[in-house]
Amino acid sequence: MMPVTVHSSNNSTVKNPLIDLLLREGHIQTKQLIELDKVNPNSPCEWLVENNIINNKQLALIFARLFQLKLIEPSHYPFEPLCRELGLRSLITRYHALPIQLENNLLTLAVYDPSNEVIEKEFRFATGKETQLVLSNVESIKAAIHSLYGRAHAEHTSDFKEIDGLALKNMVELTEEETQDTRQIDGDEAPVSRYIHQVLLDAISKGASDIHFEPYEDQFRIRIRCDGILIEAHQPPVQLGRRLTSRVKILALLDITEKRLPQDGRAKLKLTNNQNINIRISTLPTLWGEKIVLRILGNHTNQLSIEQLGLDPEQQQLYIDALNHPQGLILITGPTGSGKTLSLYSGLNRINTSLVNIATAEDPVEINLPGINQVQIKPQIGFDFACALRSFLRQDPDVIMVGEIRDFETADIAVKAAQTGHLVLSTLHTNSATETLTRLQNMGIKAYNIAASLTLVIAQRLVRRLCPMCKQSYQPTTEECIQYQVTTTTILYRASPVGCHHCNQGYMGRIGLFEVMNVDSSIRQLILEQACTATLQSQANMQGMTTLAQSGRNKLIRGETTIAELERHLDWGK
């Protein structure tokens, strides 16, 4: 877009037709033009929006009238497979121009600033196709680009060349000779290596925790897990499956000739000049080939704070008080994927000082914590949690963390260590805080040992957090008010169906629901009496314990999550 020229007379003249139109229709004033000319931004349109001079919808309607272009919503078009087929990440992110349709060699681009004549020239040169423009709201285009490349898409475009769909189609299935000679798939510049690099960058930018490479008879699918939900991200040609599988196995130093047995490995990769990631790689033979899952480790190092977990102030203080005890057992419970490990790491991070000797036994070690002695469990050689715990007790520890209590031996050592001057933290798979006490007894731990060692139990779940930028408010119905125990004047929120450029489908990250039970004298007495779960639950409620359902309701009323998310994780409101 051409820079704006403003003359300091009452009858200002403007070179740009859009600015002239905005001035004539009263959307901007002469003094604002003078300021715009002083700043001379790369995109005057964005400057006008960012300074609240005009909003996005007004701007789109004015553009549509001025350039006589159709106004569309990108989410109504299947743009994702087309963009991945073209592989034009750099152009798309640079010009905020989104390919939405390709018919008879005519490529349709959704833009928000059609006055930039360079856009069509660049896309014609890159694709060899004719182009036409349609208009869209800038927020809709940014949301679409975010769904493709994530929040951090811009930082990756300068140091990485994307593989387009045509290059993938030209690659054939790995031959038997290539299976024995890995040179063609082991080089960083090989197309298959760059494609896997691209998949990893996309997953990291979207905050994914896992990447699934899944072979089927007629397709090969790549899905990523974002905020606990699996999303289909790529669908390369099925013939490429064996190449991708072999390359990933090479990264993890696995045997690429072994396809009959599961394998596990790890790798550390450099994605960009300033970004390294650790991944855990697991293979599984299936009917149509090997499925591979990559777990991205250490993707939450900036979140290791108790204050960021989502605990209510009272719950947070109970956890901090328990961590400050010189001895005792702290248990964090919940299903797989409920954030237990992150809660443990946050606690350890708080008490990690040069005055404390902390040792952890983990399977696997997910986040590297400087100053803490972290041990990787290796059950295949007999080095399990119980063996690690026994070794720790000979290493003069102050704090011990056990990744998971799975059997009587581990539980017995942990409980006794908590009675002999050590602070012990661990996890257990139970549905609620009070069920943890019954579970320990069922594992064979004596009631008096539980009562003497246990200080705190935290049960938790993870639900997706609503995007504060695009969440939509609504008035709950009478039935919903009764079912979810909210008042008729309460304003609830739901996720935007299309989301925005800040989020993933209306959600931004996850937040915890917590049930924190302080094991005081009354609870200890019930443990000694071997009371049932219902009795323990009743006593904990009398003491003011916030249940998981109540924690969910609090976050629902505060507009942090939705009814749909709570129903997905809790038997609540049914």
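The values are calculated or read from the model by the stated rules, or taken from the named source; none is laboratory data. Keep in mind that this is a model prediction, so the values were computed, not measured. All Cβ positions, glycine included, derive from the backbone under ideal geometry; neighbour counts span all protein chains shown. Each accessible area value is taken on the protein alone, full model and side chains, heavy atoms only, with ligands, DNA and RNA left out. Shrake-Rupley method; radii C 1.70, N 1.55, O 1.52, S 1.80 Å.
A few remarks follow.
- Dividing the convex hull volume of the alpha-carbon atoms in the range 462-546 by its residue count gives 135 Å³ per residue.
- The portion of the accessible surface of the chain made up by carbon and sulfur, rounded to a whole percent, is 48 (1.4 Å probe; DNA, RNA and ligands excluded).
- Heavy-atom accessible surface of the chain, averaged per residue, reaches 47 Å², computed with a 1.4 Å probe.
- In Hz, Karplus ³J(HN,Hα) per residue of the range 540-546 (6.51, -1.76, 1.60; θ = phi - 60°; x = Gly, Pro): 4, 5, 4, 7, x, 5, 7
- Exposed-loop-free span, longest in the chain, where GluC sites (Glu not before Pro) count as exposed if DSSP calls them loop and at most 14 other C-beta atoms lie within 10 Å: 259-528
- Whether the range 202-243 is rounded, prolate or oblate, judged on the alpha carbon gyration tensor where a/c under 1.5 counts as rounded: prolate
- Descending Cα extents along the principal axes, the range 324-405, whole Å: 34, 32, 24
- Accessible-area order (highest first, 1.4 angstrom probe) of the listed residues R465, R568: R568, R465
- Global geometry of the range 299-443, whether rounded, prolate or oblate, following the gyration tensor of its Cα atoms and the 1.5 cut on a/c: rounded
- Sum of side-chain charges, T333 neighbourhood, beta-carbon under 11 Å (Lys, Arg +1; Asp, Glu -1): 0
- Ordered from highest to lowest accessible area with the whole protein assembly present and a 1.4 Å probe, K340, K416 read as K416, K340.
- Within the shell of other residues whose beta carbon sits under 13 angstrom from the beta carbon of A233, the net charge comes to 0, with Lys and Arg scored +1 and Asp and Glu -1.
- Rg over Rh for the range 314-358 works out to 0.98, using Cα positions for both radii and the Kirkwood form for Rh.
- Test item: Cα-centred dipole of the chain, Lys/Arg +1 and Asp/Glu -1 on Cβ, debye: 420
- Take T430: with every protein chain present and a 1.4 Å probe, its accessible area is about 10 Å².
- Gyration tensor verdict on the chain (Cα atoms; rounded if a/c is under 1.5, prolate if a/b is larger than b/c, oblate otherwise): oblate
- The separation of the range 464-498 from the range 501-532, counted between C-alpha centres, amounts to 23 Å.
- Summing Lys and Arg as +1 and Asp and Glu as -1 over all other residues whose Cβ lies under 14 Å from the Cβ of G544 gives a net charge of -4.
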